[in-house]
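The values are calculated or read from the model by the stated rules, or taken from the named source; none is laboratory data. Treat the numbers as computed from the prediction; the structure is a model and nothing was measured. Note: ideal-geometry Cβ built from the backbone for every residue, glycine included; neighbour counts use all protein chains shown.
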Amino acid sequence: MNAPFRAIAPEKFKDRNRTATGETRAEVACRALRTLWLNTGTLCNIECAGCYIESSPANDRLSYLTLEEAEPFLDEARALGAEEIGFTGGEPFMNPHMTAMAEAALERGFDALVLTNAMRPMMRPHVREALSKLRAHYGGRLRLRVSLDHYTERLHDAARGAGCFSEAVKGLGWLAQEGFSLSIAGRLASGESESAMRDGYARLVSGLGLPIDAADPSSLVLFPEMNARADTPEITSACWAILGKSPDDVMCAASRMVVKRKGAGAPAVVACTLLPYEEEFELGASLAEAMRPVKLNHPFCSQFCVLGGASCAPHG
């Protein structure tokens, strides 16, 4: 699914304040916290080609976040006026605290979004029972975004492994049958246009009877490809005017993510969902500490957020 790429110049994204050409690097201020992401851990039941966080059955670089560790951040996020809590991984349902953390978010008045592959970890009987109870009590405030890389089994399984498509479709079917609020996340990696991709997903969801509008960008989220080794322009402070964009449009203007590094004594707050490992993007031990500007000093800032115009945010 991945097209050939030109390797990134080694002098790019080296200086926090200046680009390789000496221009002032763009930065983004966090105007207000709208979305708090909780990374539930990097372990996953599968290993996908091109996974930006390198999740796998063996990658535990980010440990399972516990309910006790998550709750102080939920309370702080509420005090800061946040509206949404997103759960990402790894596969969130690998974490034994996942449904309890979702309940803690929902009972505090947040909307909650869980990113999942909808496979076996989610389909375990005790997880389905817990999810059904949350849906019955909180309705559409609990949403699930299912990763389905392509609308065809062949290309989805090329990235995720044989049998993953049929298993994910089974999970989607159960979620739809139970009345969950659903969306799908796909990848613009096949060389097709966005309109062709949306048409393909529209045929799929229609055939499966899923309550998903493939024309709606919040119901079908199509993410640009990311490759930290592929060449991409550095974003300067002048780029906002050139591109006709605002720093306020970028994900880190309104969100932060909590991670628990393996061996760490406590969780930490990082700038966004895409950069959990880079020390430069670790902003502190609390949300208040982390509400400082972020320098766009990484290829993903360019590929995904500014030039890709994408966001992981629950509100699309």
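Does Ile235 meet the test of being among the aliphatic types (A, V, I, L, M), surrounded by 18 or more Cβ atoms within 10 Å (Cβ to Cβ) and within 18 Å of Ile85 (Cα to Cα)?
On the way: among the aliphatic types (A, V, I, L, M): yes; surrounded by 18 or more Cβ atoms within 10 Å (Cβ to Cβ): yes; within 18 Å of Ile85 (Cα to Cα): no.
No.
In the range 241-262, what residues are small (Gly, Ala, Ser), in contact (Cβ under 8 Å) with a residue 24 or more places away in the chain and not in a strand (DSSP E or B)?
Those that are small (Gly, Ala, Ser), in contact (Cβ under 8 Å) with a residue 24 or more places away in the chain and not in a strand (DSSP E or B): Ala253, Ala254.
Quick test for you: out of Pro121, Pro92, Pro96, pick the one residue that is over 25 Å from Leu287 (Cβ atoms) and at pLDDT 95 or above. Steps first, please.
On the way: Pro92 fails: over 25 Å from Leu287 (Cβ atoms); Pro96 fails: over 25 Å from Leu287 (Cβ atoms).
None of the other options fit; the residue is Pro121.
Conditions tested, residue by residue: (1) over 18 Å from Ser311 (Cα atoms); (2) under 20 Å from the mean Cα position of the chain (by Cα).
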| residue | (1), (2) |
| --- | --- |
| Ala185 | no, yes |
| Ala202 | yes, no |
| Val205 | yes, no |
| Pro211 | yes, no |
| Pro217 | no, yes |
| Val221 | no, yes |
| Asp231 | yes, no |
| Thr236 | yes, no |
| Leu243 | no, no |
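Of all residues in the range 287-316, which are surrounded by fewer than 16 Cβ atoms within 10 Å (Cβ to Cβ) and of a type outside the set (D, E, K, R)?
Filtering the range 287-316 for residues surrounded by fewer than 16 Cβ atoms within 10 Å (Cβ to Cβ) gives 288-289, 292-293, 309, 315-316.
Once the filter is applied, which keeps residues that are surrounded by fewer than 16 Cβ atoms within 10 Å (Cβ to Cβ) and of a type outside the set (D, E, K, R), the range 287-316 yields Ala288, Pro293, Gly309, His315, Gly316.
For Ser206, state whether it is farther than 27 Å from Glu91 by Cβ and out of contact with any helix residue (DSSP H, G or I) (no Cβ under 8 Å at 6 or more places or on another chain). Break it down stepwise before answering.
Working: farther than 27 Å from Glu91 by Cβ: yes; out of contact with any helix residue (DSSP H, G or I) (no Cβ under 8 Å at 6 or more places or on another chain): yes.
Spelling it out, Ser206 is indeed farther than 27 Å from Glu91 by Cβ and out of contact with any helix residue (DSSP H, G or I) (no Cβ under 8 Å at 6 or more places or on another chain).
Which residues, counting only those in the range 278-287, are assigned to a loop (DSSP other than H, G, I, E, B), out of contact with any helix residue (DSSP H, G or I) (no Cβ under 8 Å at 6 or more places or on another chain) and at pLDDT 95 or above? Talk me through it step by step, then tell me what you get.
So the first thing to find is which residues in the range 278-287 are assigned to a loop (DSSP other than H, G, I, E, B), and the list is 278, 285-287.
Checking which are out of contact with any helix residue (DSSP H, G or I) (no Cβ under 8 Å at 6 or more places or on another chain) leaves us with 278, 285.
Once the filter is applied, which keeps residues that are assigned to a loop (DSSP other than H, G, I, E, B), out of contact with any helix residue (DSSP H, G or I) (no Cβ under 8 Å at 6 or more places or on another chain) and at pLDDT 95 or above, the range 278-287 yields only Ala285.
Kindly establish whether Cys312 is in contact (Cβ under 8 Å) with a residue 24 or more places away in the chain, outside any loop (DSSP other than H, G, I, E, B), touching a helix residue (DSSP H, G or I) at 6+ places or on another chain (Cβ under 9 Å) and within 23 Å of Arg61 (Cα to Cα). So that I can check it myself, show each step before the final result.
Values: in contact (Cβ under 8 Å) with a residue 24 or more places away in the chain: yes; outside any loop (DSSP other than H, G, I, E, B): no; touching a helix residue (DSSP H, G or I) at 6+ places or on another chain (Cβ under 9 Å): yes; within 23 Å of Arg61 (Cα to Cα): yes.
No, not satisfied.
Filter the range 175-192 down to residues that are over 18 Å from Arg141 (Cα atoms) and either assigned to a strand (DSSP E or B) or at pLDDT 95 or above (or both), then give me how many there are. Can you show your working first?
Filtering the range 175-192 down to residues over 18 Å from Arg141 (Cα atoms) leaves 185-192.
Still in the running and either assigned to a strand (DSSP E or B) or at pLDDT 95 or above (or both): 185-188.
Final tally of qualifying residues: 4.
Taking Ala271, is it among the small types (Gly, Ala, Ser), touching a Leu at 6+ places or on another chain (Cβ under 8 Å), buried (at least 16 other Cβ atoms within 10 Å of the Cβ) and closer than 23 Å to Arg18 by Cβ? Give the steps one after another, and end with the answer.
Numbers: among the small types (Gly, Ala, Ser): yes; touching a Leu at 6+ places or on another chain (Cβ under 8 Å): yes; buried (at least 16 other Cβ atoms within 10 Å of the Cβ): yes; closer than 23 Å to Arg18 by Cβ: yes.
For Ala271, the condition - among the small types (Gly, Ala, Ser), touching a Leu at 6+ places or on another chain (Cβ under 8 Å), buried (at least 16 other Cβ atoms within 10 Å of the Cβ) and closer than 23 Å to Arg18 by Cβ - is met.
Among the candidates Glu11, Glu71, which residue alone is among the acidic types (Asp, Glu), out of contact with any Asp or Glu (no Cβ under 6 Å at 6 or more places or on another chain) and part of a loop (DSSP other than H, G, I, E, B)? Before the answer, list the steps.
On the way: Glu71 fails: part of a loop (DSSP other than H, G, I, E, B).
Of the residues listed, the single one that is among the acidic types (Asp, Glu), out of contact with any Asp or Glu (no Cβ under 6 Å at 6 or more places or on another chain) and part of a loop (DSSP other than H, G, I, E, B) is Glu11.
Just to verify a result, which residue in the range 102-122, among those that are in contact with a Phe, Trp or Tyr (Cβ under 7 Å, 6 or more places away or on another chain) and in a helix (DSSP H, G or I), is farthest from Tyr277 (Cα to Cα)?
Leu106
Going through the range 78-98 one residue at a time, which ones are part of a helix (DSSP H, G or I), within 18 Å of the chain's Cα centre (by Cα) and either aliphatic (A, V, I, L, M) or over 18 Å from Thr273 (Cα atoms) (or both)? Talk me through it step by step, then tell me what you get.
Residues of the range 78-98 part of a helix (DSSP H, G or I): 78-79, 92-94, 98.
If we keep only those that are within 18 Å of the chain's Cα centre (by Cα) too, we end up with 92-94, 98.
Residues satisfying the conditions are Met94, Met98.
Which condition breaks for Tyr52 when tested against (1) aromatic (Phe, Trp, Tyr); (2) touching a Ser or Thr at 6+ places or on another chain (Cβ under 8 Å); (3) part of a loop (DSSP other than H, G, I, E, B)?
The single condition Tyr52 does not satisfy is (2).
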